[in-house]
Each structure stands twice: as structure tokens, then as C-alpha cells.
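Q: Right, I'll just put the structure down here and ask away after.
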Amino acid sequence: MPEPDNKHRIWQVVHAIPAGRVSSYGRVAKLAGLAGAARLTGHALRGLPRDTQIPWHRVINSQGKLSLPPGGEAYEEQRQRLQAEGVFFTAAGRLRSQDYWWP
DNA sequence: CCGTTGACTTTCG
DNA sequence: GCGAAAGCCAACG
């Protein structure tokens, strides 16, 4: 077949992110062999079931912020989970660059 | 098959 | 630091 399970690969990469660290969509896409397809990472994460074990909350955008709409439930949940793992947010709602995961 | 949409990224002003 | 525009790829109707 021409194309393997891209979503599955993205999930695998996301699952490889250690706790207390975060990564960006573009970074995950590149590690999954889909360089330049940052949006695919978003699609893959959006298609996750609620009872997934994938740490989707460790994936944020290149601006150091959450891509989810502020004020939404998913946004608060992601923020809460990250803080529970030791990741803190700045007053501007951005994550510390030192918490980024770099393989 | 084609146009739109989207949990993105980069560049420019 | 922020907003707008262009570029990128896959899923949807």
C-alpha cells in the first residue's frame, strides 16, 4: 500500500514524549516521518478516543501555547494535566522553553 | 474529482 | 509580542 498508518505513527511518537516535557505538532510530525505536515498531528490527536492512553496534552504549538480555544474544557484539562506533571505556565499563558522535549 | 476545512508553522509588517 | 497571509498535508462532503 502507498501509505502506512500515519495517525498510528503520530500516536507512537506522542507516546514517546516523557512526562513533564512537551513538544510541538511540527516536531511530532517530523519525528513521525511527516515533516511539514503539522496539521496532520492535530487531526490525529483530534481523532483520539476519550479513554486513550496517548499523552496528547504534551503536544502544543510552536508558539509555546495550547492550540485549543481558551476557555474550553479541553484547554483547561490539558493545562491541568501538564501542571500535574510539573510543567508550569507563564503569566502570558505560554510554556517554559526549558520544558520542551528535544530528542 | 474538486473545493473547503483544520488541536500547524513560518514570514512579514 | 501580535495579527495577517501564504504554505503544507490529510480528511470530508
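Read the figures in this text as sums done on the coordinates, not as results from a lab. Only a predicted model underlies this, so the values are computations on that prediction, with no experimental measurement involved. Quick reminder, even Gly has a Cβ in these numbers, built from the backbone with ideal geometry, and neighbours come from all protein chains shown.
Q: Using the Cα centre of chain A as the reference point, and only Cβ charges (+1 on K/R, -1 on D/E), how large is the resulting charge dipole? Debye, rounded to the nearest 20. List each step's numbers first, then the result.
A: Details: 14 positive and 8 negative charges, 56 e Å.
For this selection, approximately 280 debye.
Q: Which one, A:H57, A:H15, A:H43, has the greatest fluctuation when you compute a Gaussian network model over chain A with C-alpha springs under 10 angstrom?
A: A:H43
Q: Can you give the helix-only mean residue ellipticity at 222 nm for chain A, where every DSSP H stretch with n ≥ 4 adds -39500 (n - 2.57) and the sum goes over all residues, rounded to the nearest 500 deg cm²/dmol?
A: Values: 4 runs with 38 residues, N = 103.
My calculation for chain A gives -10500 deg cm²/dmol from helical runs alone.
Q: Which trypsin sites (Lys or Arg not before Pro) does chain A hold that lie in a coil by DSSP with at most 11 other beta carbons within 10 Å?
A: Values: sites: A:K7, A:R9, A:R21, A:R27, A:K30, A:R39, A:R46, A:R50, A:R58, A:K65, A:R79, A:R81, A:R94, A:R96; in loops: A:R21, A:R50, A:K65, A:R94, A:R96.
Answer in residue order: A:R50.
Q: Compute the semi-axes of the equivalent ellipsoid of segment A:12-60, taking the square root of 5 times each eigenvalue of the Cα gyration tensor, and list them largest first in whole Å. Present the calculation step by step, with values, prior to reporting the outcome.
A: Details: eigenvalues 51, 34, 14 Å².
That gives 16, 13, 8 Å for the three semi-axes.
Q: Additional query: How large is log10 I(q)/I(0) at q = 0.10, 0.12 Å⁻¹ when the Debye formula is applied to the Cα atoms of chain A, each weighted equally and without solvent?
A: Values returned for q = 0.10, 0.12 Å⁻¹ are -0.25, -0.36.
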